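What follows is calculated from the coordinates using simple rules that are stated; it is not laboratory data. Predicted model only: the values in this text are computed from it and were never measured. Backbone-built Cβ (ideal geometry, glycine too); neighbour counts: all protein chains shown.
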Amino acid sequence: MPSNQPTREDALELFRKYNKSESLYRHALAVEGVMRYMAVKSGEDQEKWGIIGLIHDLDYEMYPEQHCTMTKKILEENGWPEDYIRAVLSHGWGLVTDIEPVTRLEKTIYAIDELTGLVATSALVRPSRSVLDMESRSVKKKWSDKRFAAGVDRSVIEKGAAMLGVSLDDLITDCIMGMRAVAEEIGLKGSPPTP
């Protein structure tokens with residue numbers, strides 16, 4: 001149980017307690033990787049941003065109908081700080097919570113949560129099956145095909161980019177860069193061609 005600030009180990013232990021799905025774990029690692037990348041880029045606390053990214057879907061496997069509601073309960077019971085809990089809940093704004101993202105951290109997790117799924121799916125249809133040699137245009141090519149990664153809510157990503165004041169291209173590039181750092185762990189290292 002975190003005494004003050006939760007550690008990555010606290011987050012991982014809690015995540016593993018409530019989630020057995022490998023794909024959900026890879027998604028958590030992808031969001032963590034992108035959050036860490038974005039924190040460094042913004043001069044923010046990389047550890048805090050990463051932990052929030054890692055834990056954001058804590059209740060999704062066991063309580064999909066109560067997504068975010070149960071996360072709040074679990075994190076409170078485990079003594080997590082209020083700002084961490086609020087940031088986690090803000091990623092579900094307009095979908096399952098009414099917690100509007102206001103801080104840069106909250107706006108970032110809101111913007112990139114769905115985007116990591118689109119980037120991952122786009123990488124898997126590439127010959128290399130990798131994010132290491134992927135550019136934003138690969139994702140943009142698939143953007144308007146609503147059947148491709150049909151579960152990804154593109155309007156959330158667009159709203160998130162607008163909140164952050166960045167272009168969709170820049171947000172996609174940042175997402176790819178963050179996912180490159182954890183490519184092996186999330187199964188997207190693939191086999192990019194050697195130059």
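Quick one: which of Lys107, Lys17 is under 20 Å from Glu185 (Cβ atoms) and out of contact with any His (no Cβ under 9 Å at 6 or more places or on another chain)?
Every option except Lys17 fails the conditions.
Could you list, ordered by first residue, the pairs with Cβ atoms under 6 Å in which the first is in the range 146-173 and under 20 Å from Leu105 (Cβ atoms) and the second is of a type outside the set (A, V, I, L, M, F, W, C), at least 6 apart or interchain?
Val156/Glu114; Ile157/Glu114; Gly160/Tyr110; Met163/Lys107; Leu164/Lys107; Ile172/Ser136; Thr173/Ser136
Based on what the data block shows, is Val139 in contact (Cβ under 8 Å) with a residue 12 or more places away in the chain, touching a Cys at 6+ places or on another chain (Cβ under 9 Å) and over 22 Å from Glu100 (Cβ atoms)?
Judged against the criteria, Val139 is a match.
Could you list all residues from the range 139-165 that are in contact with a Gly (Cβ under 9 Å, 6 or more places away or on another chain) and surrounded by 11 or more Cβ atoms within 10 Å (Cβ to Cβ)?
Matches in the range 139-165: Ala149, Val152, Val156, Lys159.
Please enumerate the residues belonging to the range 12-45 that are under 17 Å from Ser90 (Cβ atoms) and surrounded by 19 or more Cβ atoms within 10 Å (Cβ to Cβ).
Scanning the range 12-45 gives Ala28, Val31, Glu32, Val34, Met35, Met38, Ala39.
Mind checking which helices (runs of 4 or more DSSP H) fall wholly inside the range 112-195 and carry at least 1 residues that are aliphatic (A, V, I, L, M) and either over 17 Å from Val34 (Cβ atoms) or out of contact with any Leu (no Cβ under 8 Å at 6 or more places or on another chain) (or both)?
Of the helices (runs of 4 or more DSSP H) lying wholly inside the range 112-195, those with at least 1 residues that are aliphatic (A, V, I, L, M) and either over 17 Å from Val34 (Cβ atoms) or out of contact with any Leu (no Cβ under 8 Å at 6 or more places or on another chain) (or both) span 154-164, 168-180.
Return the residues of the range 46-95 that are surrounded by fewer than 19 Cβ atoms within 10 Å (Cβ to Cβ), more than 16 Å from the chain's Cα centre (by Cα) and assigned to a loop (DSSP other than H, G, I, E, B); say none if nothing qualifies.
Met62, Tyr63, Asn78, Gly79, Pro81, Gly94
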